[in-house]
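The values are calculated or read from the model by the stated rules, or taken from the named source; none is laboratory data. Given the structure is predicted, the values throughout are model-derived calculations rather than measurements. Cβ placement follows ideal geometry from the backbone for every residue including glycine, while neighbour counts extend to all protein chains displayed. The accessibility values were calculated without ligands, DNA or RNA, using every heavy atom of the protein model including side chains. Shrake-Rupley method; radii C 1.70, N 1.55, O 1.52, S 1.80 Å.
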Amino acid sequence: MKPIIQELSDLFVTAFHDAGFDGKYGDVVISQRRELCHFQCNGALSAAKVYKLNPNDIATKVISSVKPNLIISNTSIAGAGFINIVIKDEVLVEYLQFMNSDDRLGISLDLFPKKIIIDYGGPNVAKPLHVGHIRSAILGEALKRLSRFLGHDVIGDIHLGDWGLQMGMIIASLQQQSPDLPYFDESFNGEYPEESPVSITDLQEIYSNASKDAKTNIEKLSEARKATFELQDGRVGYRALWKKIVDISITDMKANYSLLDVEFDLWKGESDSHEFIPQLLNYLQINNYTYKSEGASVIDIREDQDKHELPPFMLIKSDGSILYSTTDLSTIWERIKEYDPDEIWYVVDKRQEIHFTQLFRAARKTKIASNTLHLEHIAFGTMNGLDGRPYKTRDGSVMRLNDFIQSIIDKAYNRIIEVGVAKDFSVNEKREISQMVGVSALKFADLLSHRLKDYIFDIDKFTEFEGKTGPYLLYTTVRIKSIIRKAIENEIDFTCFQVPKSFIERELMLKLMELDDVLNQAFKYKEPNQICEYIYTLSLLFNSFYHEHHILSETDNSQRESWLCLSRLTEKILVTCLDICGIRTPERM
RNA sequence: GGUUCCGUAGCUCAGUUGGAUAGAGCAACAGCCUUCUAAGCUGUGGGUCGCGCGUUCGAGUCGCGCCGGGAUCACCA
């Protein structure tokens, strides 16, 4: 069954066409003035400009051309030439009935499913996950789930930073610290120890010091560069040590990401594309795509219509080692060879915009990426502290992701105790609930703000459990679940909707019906905040409805049945949308 | 300096991609728990959409110019 808005659009596209105008003006949208109508078509106004006619005349013609149908109850012209559409309650009910009976809530699978690789997360090995990593993880996860729900074949890849200069820094500084380790003995040819020479905590400390040193000490920086080159060049001991470092980092990351319910299909990294680099370089060379500039090997990516100078795409540094741009290009090469995707999305901070512009141009110009491969940088805003600078704890260090999440979960736990509804819950259940509530607060707050906007990281914002928050959504969902549970316990059957009896009931019904539009818009613009806004409004409406109509004590059985259906459908939509946002819902809280 | 993003209620943000009377949350104030979860609901106050000009029947949304803020501009990622 087609969404009502689609049916109406079809009718008006035809009507515009039959009245002698371009059908494109027939798009119908949800009304912003609900007290006047349910839907509106503003095409007559835009058409008036092009056809140089009075919009009212166009609207009149169009309305009289609308084919007879069973959907519309009334159309009228308002204001300058708006076509206001009121639909029949029976149609609304029929559509909701369909949504409620369908596993996919009436959302059809995309007719042209795409194979999409989403590159998100992107943490660096040895560098602790901190609050700056949450946006990519949360946004990428939501986009992955949304695309998948709409029928696309999606592969989520964490794309670890495991191959750049930071690895050289760690190896060089470890070598200085413990030169006796077998990894540094070039004549060593035995088995390297099973145990990692460093713990994750050591590693993070080494990284932090090494990174400071490299910034101030030129000698250390050149040692790090040398180690990077030798690692990439295949020095056996370095490779073995590197493997250990990567492994313990991954273990630590998995724990962090699983706390956030972020799951990657692939745990690939920059290093995985390394084996493709020789063929990539060879390909670029024989086709004359590269040239030497200031000792480095680069690809020219300028285009005639450029308004400003773009730096060339760096392929090999003057010291002979490769860098992130090289691995990014060879990763495209690798992904095409291994997965042949239709699209590759990069969910990365918007500060890297120039890099991706260069990368995409380089890939196209060298014909590595064909014109049919869609490459997109899904940029998001920078996260700042209250002072407009990166978020810091009181002692000045960046807050660890794990500590941060844990503190939110603790607050959620305290809230459960404070509210006192969970007195008879086991400690375990209380813990599970506080995790879900805490994570919902964090994820909802993150997804709610438009991805392109910078945002101020305010810890209070994430520990807010009232108002427009994740916990409010969970609370509403749980409240509905409780009603449904009681109905089932009392063996009340409910399958049929009735036409709405009150304004609030109709509002709720119309909102439920918007789901299809919301999900498709969110997908089109890669904006999960649209889903958040939608389920929040839906919850507001449901809660109003809940307070106005007492469902279980309703004496008219068919009325009670209808309200239970309405509740059930609201619940399903909330759970589904929350799941798309990567948020789990408890049974009670 | 070039490029680019942002500026909406006291604070944090939406705003259906040009539509009718700009909406939420927090904060403030006044109400609602012997009926389905009060992490809730109802109501009140709060706006020069940074400023100006332009395009248009219509501009928070598009264009230009200012003012203010951020990001970025090849061997880091």
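How many of the residues in the range A:186-204 are in a helix (DSSP H, G or I) and in contact (Cβ under 8 Å) with a residue 12 or more places away in the chain? It would help to see each step written out before you state the result.
Taking the range A:186-204 first, the residues in a helix (DSSP H, G or I) are A:200-204.
Among the residues that remain, those that are also in contact (Cβ under 8 Å) with a residue 12 or more places away in the chain are: A:200, A:203-204.
Of the residues in that region, 3 qualify.
Return the residue satisfying two criteria in turn: it lies in the range A:357-376 and is open to solvent by less than 60 Å² (accessible area, probe 1.4 Å) and in a helix (DSSP H, G or I), and of such residues it is nearest to A:Ile332 (Cα to Cα). Here the residue is A:Ala363. Restricted to helices (runs of 4 or more DSSP H) entirely inside the range A:499-589, those with at least 3 residues that are polar (S, T, N, Q) and under 30 Å from A:Asn428 (Cα atoms) are A:557-580.
Residues in the range A:468-502 that are more than 16 Å from A:Ile551 (Cβ to Cβ) and open to solvent by less than 40 Å² (accessible area, probe 1.4 Å) were compared, and the one that is nearest to the chain's Cα centre (by Cα) is A:Gly470.
Going through the range A:442-454 one residue at a time, which ones are near RNA strand B (Cβ under 8 Å from one of its atoms) and open to solvent by less than 10 Å² (accessible area, probe 1.4 Å)? Matches in the range A:442-454: none. Answer yes or no as to whether A:Cys577 is more than 9 Å from RNA strand B (Cβ to nearest atom) and touching a residue at least 12 places away in the same chain (Cβ under 8 Å). For A:Cys577, the condition - more than 9 Å from RNA strand B (Cβ to nearest atom) and touching a residue at least 12 places away in the same chain (Cβ under 8 Å) - is met.
Please find, among A:Ala210, A:Ala255, A:Ala172, the residue that is among the aliphatic types (A, V, I, L, M) and closer than 30 Å to A:Ile583 by Cβ. Before the answer, list the steps.
On the way: A:Ala210 fails: closer than 30 Å to A:Ile583 by Cβ; A:Ala172 fails: closer than 30 Å to A:Ile583 by Cβ.
Among A:Ala210, A:Ala255, A:Ala172, only A:Ala255 is among the aliphatic types (A, V, I, L, M) and closer than 30 Å to A:Ile583 by Cβ.
All conditions in (1) surrounded by 13 or more Cβ atoms within 10 Å (Cβ to Cβ); (2) modelled with pLDDT of 95 or more hold for A:Leu109, with the sole exception of (1). The single condition among (1) in a helix (DSSP H, G or I); (2) within 16 Å of RNA strand B (Cβ to nearest atom) that A:Lys337 does not meet is (2). Quick one: is A:Ala214 closer than 28 Å to A:Leu241 by Cβ, in contact (Cβ under 8 Å) with a residue 40 or more places away in the chain and either β-branched (Val, Ile, Thr) or open to solvent by less than 30 Å² (accessible area, probe 1.4 Å) (or both)? So A:Ala214 passes the test. Residues in the range A:537-552 that are near RNA strand B (Cβ under 6 Å from one of its atoms) and either aliphatic (A, V, I, L, M) or open to solvent by 70 Å² or more (accessible area, probe 1.4 Å) (or both): A:Leu540, A:Tyr546, A:His547, A:His550, A:Ile551, A:Leu552.
Taking the range A:80-105 only, how many residues are open to solvent by 10 Å² or more (accessible area, probe 1.4 Å), under 26 Å from A:Lys524 (Cα atoms) and in a loop (DSSP other than H, G, I, E, B)? Qualifying residue count for the region: 3.
Collect the residues in the range A:465-484 that are more than 6 Å from RNA strand B (Cβ to nearest atom) and either modelled with pLDDT under 90 or among the aliphatic types (A, V, I, L, M) (or both), keeping them in residue-number order.
Initially, the range A:465-484 is screened for residues more than 6 Å from RNA strand B (Cβ to nearest atom), giving A:469-470, A:473-474, A:476-477, A:480-481, A:484.
If the condition is that a residue be more than 6 Å from RNA strand B (Cβ to nearest atom) and either modelled with pLDDT under 90 or among the aliphatic types (A, V, I, L, M) (or both), then A:Leu473, A:Leu474, A:Ile480, A:Ile484 are the ones that fit.
Of the residues making up the range A:247-288, those that are under 28 Å from A:Asp153 (Cβ atoms) and assigned to a helix (DSSP H, G or I) number 18.
Are there any pairs with C-beta distances below 6 angstrom linking a residue in the range A:65-88 that is more than 19 Å from A:Asn42 (Cβ to Cβ) to a residue that is in a strand (DSSP E or B) and open to solvent by 50 Å² or more (accessible area, probe 1.4 Å), with the two at least 6 apart or on different chains, and if so which? Partner pairs satisfying both residue conditions: A:Lys88/A:Ser73. For the range A:241-295, the set of residues classified as open to solvent by 50 Å² or more (accessible area, probe 1.4 Å) and of a type in the set (Val, Ile, Thr) consists of A:Thr251, A:Ile286, listed by residue number. Out of all the residues in the range A:407-429, which are open to solvent by 50 Å² or more (accessible area, probe 1.4 Å), among the polar types (S, T, N, Q) and within 33 Å of the chain's Cα centre (by Cα)? Of everything in the range A:407-429, those that are open to solvent by 50 Å² or more (accessible area, probe 1.4 Å), among the polar types (S, T, N, Q) and within 33 Å of the chain's Cα centre (by Cα) turn out to be A:Asn414, A:Asn428.
Would you confirm whether any residue within the range A:337-346 is open to solvent by 40 Å² or more (accessible area, probe 1.4 Å) and not charged (D, E, K, R)? Reasoning before the result, please.
To start, the set of residues in the range A:337-346 that are open to solvent by 40 Å² or more (accessible area, probe 1.4 Å) comprises A:337-340, A:342.
Next, from what is left, pick out any that are not charged (D, E, K, R): A:339.
Yes, there is a match, as at least one residue in the range A:337-346 is open to solvent by 40 Å² or more (accessible area, probe 1.4 Å) and not charged (D, E, K, R).
Of the residues making up the range A:295-311, those that are free of Cβ contacts under 8 Å to residues at least 24 places away in the same chain and either touching a helix residue (DSSP H, G or I) at 6+ places or on another chain (Cβ under 7 Å) or near RNA strand B (Cβ under 8 Å from one of its atoms) (or both) are A:Gly295, A:Ala296, A:Val298, A:Lys307, A:His308, A:Glu309.
Is it true that some residue in the range A:164-183 is open to solvent by less than 70 Å² (accessible area, probe 1.4 Å), at pLDDT below 90 and not hydrophobic (A, V, I, L, M, F, W, C)? Before you say what the answer is, go through the steps one by one.
Quick first cut of the range A:164-183, residues open to solvent by less than 70 Å² (accessible area, probe 1.4 Å) only: A:164-175, A:178, A:181-183.
Going one step further and asking which of them are at pLDDT below 90, we end up with A:164-166.
Of the ones still in play, those that are also not hydrophobic (A, V, I, L, M, F, W, C) are A:164, A:166.
Yes: one or more hits.
Keeping to the range A:446-482, report how many residues are β-branched (Val, Ile, Thr) and in contact with a strand residue (DSSP E or B) (Cβ under 6 Å, 6 or more places away or on another chain). Qualifying residue count, the range A:446-482: 1. If only residues of the range A:346-356 that are in a helix (DSSP H, G or I) and under 19 Å from A:Ile117 (Cβ atoms) are counted, the one that is farthest from RNA strand B (Cβ to nearest atom) is A:Phe356. For the range A:455-467, filtered to residues that are in a helix (DSSP H, G or I) and open to solvent by 20 Å² or more (accessible area, probe 1.4 Å), the residue that is nearest to A:His550 (Cα to Cα) is A:Lys461.
Can you spot a residue in the range A:507-528 that is more than 10 Å from RNA strand B (Cβ to nearest atom), within 17 Å of A:His547 (Cα to Cα) and surrounded by fewer than 17 Cβ atoms within 10 Å (Cβ to Cβ)? Quick ask: steps written out before the conclusion?
At the first step, the residues of the range A:507-528 found to be more than 10 Å from RNA strand B (Cβ to nearest atom) are A:507-513, A:515-516, A:519-520, A:523, A:528.
Filter once more, so that each one left must be within 17 Å of A:His547 (Cα to Cα): A:507-509.
Applying the additional criterion that residues be surrounded by fewer than 17 Cβ atoms within 10 Å (Cβ to Cβ) yields none.
No; the residues of the range A:507-528 include none that is more than 10 Å from RNA strand B (Cβ to nearest atom), within 17 Å of A:His547 (Cα to Cα) and surrounded by fewer than 17 Cβ atoms within 10 Å (Cβ to Cβ).
Counting only helices (runs of 4 or more DSSP H) wholly contained in the range A:1-65, the ones carrying 1 or more residues that are under 17 Å from A:Ile85 (Cα atoms) and more than 9 Å from RNA strand B (Cβ to nearest atom) occupy A:4-18, A:55-65.
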